[in-house]
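Visitor: Once you've had a glance at the structure underneath, I'll fire off some questions.
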Amino acid sequence: MSSIDSQKPIALFDSGLGGLTVLAELRRRLPNEQFIYLGDTARTPYGSKSRDTIRRYSLECAHFLTKHDIKLLVVACNTASSFALDIVQQQCTVPVIGTIEPAARAACSVSSGGRIGIIATEATVQSNVFRNTMEKMRPGAFFYSKECPLLVPFVEQGIVTGPLIEQVIEMYLASLKSLSIDTLVLGCTHYPMLQVALQNFFGASVTLIDCASTTADEVKEYLLQQHLTREKSVSSTNQKSYLQKPGDLFFVTDSGLRFKHLAAQFLEDPVVEVLNIESFEKGL
Ligand code: DGL
């Protein structure tokens, strides 16, 4: 890739709002970049779908985004990363980064006693991808996985604190808490939005691994290594200035208004415009 490519946007997709946690962390680390976000809100959640369906949806999202002349694609969804990272990487001509490896690596390196919990969607837990990845990175450690299917709909409704979500967390995670884990992987990009509630439930002795932060770290490192960060330019007055950064673009497959309203809770900057893609089949 050339220096012209470094000016291109970075795209990311998720089944809905979850990938916004990745976007927020990317914006913090890479403020000069332009991002294109796709939330497949019409078909969320992915976590209860079959492998074939998750692969098909993920490919459709990837194909839509790669039409935008991007320099990098981030699969900002653990469910899609678990089942479809390989096929998305094979079919895309741009580099593709997923969420699993960065979170797995962070968990294996910070865990003090090698007792690692993983919470994720049903599909991600069933895929065993986290466990298999971490077993190679930290042989001899103990891994405990728990699927939490109701957490995604709660986040999609904007319910991230309060008695209702606390009850759901207790229902799913009391058994995991009793196993004296020292590290917990938030293996779904929706879950960083529940970080406060989860840390309160597990207490300070458990280190939470936020897959949004670990993915954003990986993206930044990759861009730096490849000299692909969006760079400063020298203006005609010979003073250094930043190239005008185009605004981020947001696409959803269901109501843009609803997404805009909920996104405001999770992103520091407001989402100005959300474009609705009615159907991938129309080739929009
Ligand atoms: N945020 C996604 C993940 O990381 C998807 C959740 C879902 O759609 O079930 O797994």
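The values are calculated or read from the model by the stated rules, or taken from the named source; none is laboratory data. Predicted, not measured: the structure shown is a model, and the values here were computed from it. Glycine gets a Cβ as well: all are built from the backbone with ideal geometry, and neighbour counts include every protein chain shown. Ligands, DNA and RNA are stripped out before the accessible areas are found, and what is left, the full protein with its side chains, is counted by its heavy atoms. Shrake-Rupley method; radii C 1.70, N 1.55, O 1.52, S 1.80 Å.
Visitor: I want to check the label-to-label distance for LEU164 and SER255. Put each point 7 Å from Cα in the C-beta direction and report it in nm to one decimal.
Guide: It works out to 1.5 nm between the two label points.
Visitor: Taking each pair of different alpha-carbon atoms in the stretch 69-206 once, compute 1/r for the pair, average those values, and report the inverse of that mean as the Kirkwood hydrodynamic radius in Å to one decimal. The partial results should precede the final answer.
Guide: Numbers: mean 1/r = 0.0640 Å⁻¹.
This gives a value of 15.6 Å.
Visitor: Oh, and also: Working from Cα positions, state the angle (0 to 90°, nearest 10) between the long axis of helix 51-66 and the longest principal axis of the chain.
Guide: Helix 51-66 and the main axis of the chain meet at about 20 degrees.
Visitor: Enter the accessible area per residue of the chain (Å², integer; probe 1.4 Å; all protein chains in place). Show your work: numbers first, answer last.
Guide: On the way: 12710 Å² over 284 residues.
Ligands and nucleic acids excluded, the figure is 45 Å² per residue.
Visitor: I've got another one for you. Sort largest first and round to whole Å: the equivalent ellipsoid semi-axes of the stretch 1-49, each the square root of five times a Cα gyration tensor eigenvalue. Write out the running numbers ahead of the final one.
Guide: Details: eigenvalues 133, 31, 10 Å².
Ellipsoid semi-axes (Å, largest first): 26, 12, 7.
Visitor: Using a 1.4 Å probe on the protein chains only, how many percent of the accessible area of the stretch 65-185 belongs to carbon and sulfur?
Guide: Details: 2610 of 5020 Å².
Of the solvent-accessible surface of the stretch 65-185, carbon and sulfur hold 52 percent.
Visitor: For the chain, with only Lys/Arg (+1) and Asp/Glu (-1) charged at the beta-carbon, what is the dipole magnitude about the Cα centre, in debye rounded to 20?
Guide: Numbers: 26 positive and 29 negative charges, 85 e Å.
Charge dipole of the chain: 400 debye, to the nearest 20.
Visitor: Just to check I understand the Karplus step: with θ = phi - 60° and J = 6.51 cos²θ - 1.76 cosθ + 1.60, what whole-Hz values come out for the stretch 93-107, glycine and proline as x?
Guide: Once rounded to whole Hz, the list reads 8, 9, x, 10, 10, x, 9, 5, 4, x, 5, 4, 4, 5, 4.
Visitor: Calculate the FRET efficiency for THR53 and LEU179 from the Cβ-Cβ distance with a Förster distance of 25 Å, rounded to the nearest 0.05.
Guide: Numbers: r = 32 Å, r/R0 = 1.28.
Step by step, r from the Cβ atoms, then E = 0.20.
Visitor: Next question, about the same structure. Run through the DSSP bridge list for the chain and note the antiparallel percent, rounded to the nearest 5.
Guide: Working: 3 of 35 bridges.
Beta bridges within the chain, antiparallel portion: roughly 10 percent.
Visitor: Starting from the Cα of ASN200, step 7 Å along the direction of its Cβ; do the same at ASN132; then give the gap between the two resulting points in nm.
Guide: About 3.8 nm, to one decimal.
Visitor: If eta is 1.002 mPa s and T is 20 °C, what Stokes-Einstein diffusion coefficient results for the chain, Kirkwood Rh from Cα pairs, in µm²/s?
Guide: Values: Rh = 19.3 Å.
Answer, rounded: 111 µm²/s.
Visitor: Full-extension gain between ARG29 and ASN276, please, as 0.36 nm times their residue separation minus the C-alpha to C-alpha distance.
Guide: Numbers: separation 247, 0.36 × 247 = 88.92 nm, distance 2.78 nm.
Length difference between fully extended and current span is 86.1 nm.
Visitor: Do any trypsin sites (Lys or Arg not before Pro) in the stretch 1-93 lie in a loop, going by DSSP, with at most 14 other beta-carbon atoms within 10 Å of their beta carbon, and if so which? Each step should come with its number before you reach the end.
Guide: Working: sites: ARG27, ARG28, ARG29, ARG43, LYS49, ARG51, ARG55, ARG56, LYS67, LYS71; in loops: ARG43, LYS49, LYS67, LYS71.
For trypsin sites (Lys or Arg not before Pro) across the stretch 1-93 that sit outside H, G, I, E and B with at most 14 neighbouring Cβ atoms in 10 Å, the list reads LYS67.
Visitor: To continue, here is another question. Rank ASP248, ASP269, ASP52 by accessible area, highest first, at a 1.4 Å probe radius? Kindly include the intermediate steps, with their values, before the conclusion.
Guide: Working: ASP248 30, ASP269 85, ASP52 105 Å².
Ranked list, largest accessible area first: ASP52, ASP269, ASP248.
Visitor: Output ³J(HN,Hα) for the stretch 165-170: one whole-Hz value per residue in order, computed from phi by the Karplus curve 6.51 cos²θ - 1.76 cosθ + 1.60 with θ = phi - 60°, and x for Gly and Pro.
Guide: Using θ = phi - 60°, the values come out as 5, 4, 5, 5, 4, 4 Hz.
Visitor: Hey, another quick one. Rank HIS190, HIS68 by accessible area, highest first, at a 1.4 Å probe radius?
Guide: Values: HIS190 5, HIS68 60 Å².
Solvent-accessible surface, decreasing: HIS68, HIS190.
Visitor: Picking from LEU12, GLN34, SER48, whose Cα lies most toward the positive end of the charge dipole for the stretch 1-51 (charges on Cβ: Lys, Arg +1; Asp, Glu -1)?
Guide: Positive-most Cα among the choices belongs to SER48.
Visitor: Now for a separate question. For the stretch 45-93 and the stretch 104-157, write down the distance between their C-alpha centroids in whole Å.
Guide: 20
Visitor: Would you mind checking LYS8/LYS220; LYS146/LYS260; LYS220/LYS245; LYS67/LYS245 for any pair whose Cα atoms are more than 25 angstrom apart?
Guide: Values: LYS8/LYS220 15 Å; LYS146/LYS260 31 Å; LYS220/LYS245 17 Å; LYS67/LYS245 20 Å.
Checking Cα-Cα distances, LYS146/LYS260 exceed 25 Å.
Visitor: I would also like to ask the following. Is it possible to state the helix-based mean residue ellipticity at 222 nm for the chain, with each DSSP H run of 4+ residues giving -39500 (n - 2.57), the sum divided by total residues, to the nearest 500 deg cm²/dmol? What is it? Please report the intermediate quantities before stating the final value.
Guide: Working: 12 runs with 126 residues, N = 284.
After summing the helix terms and dividing by residue count, I get -13000 deg cm²/dmol.
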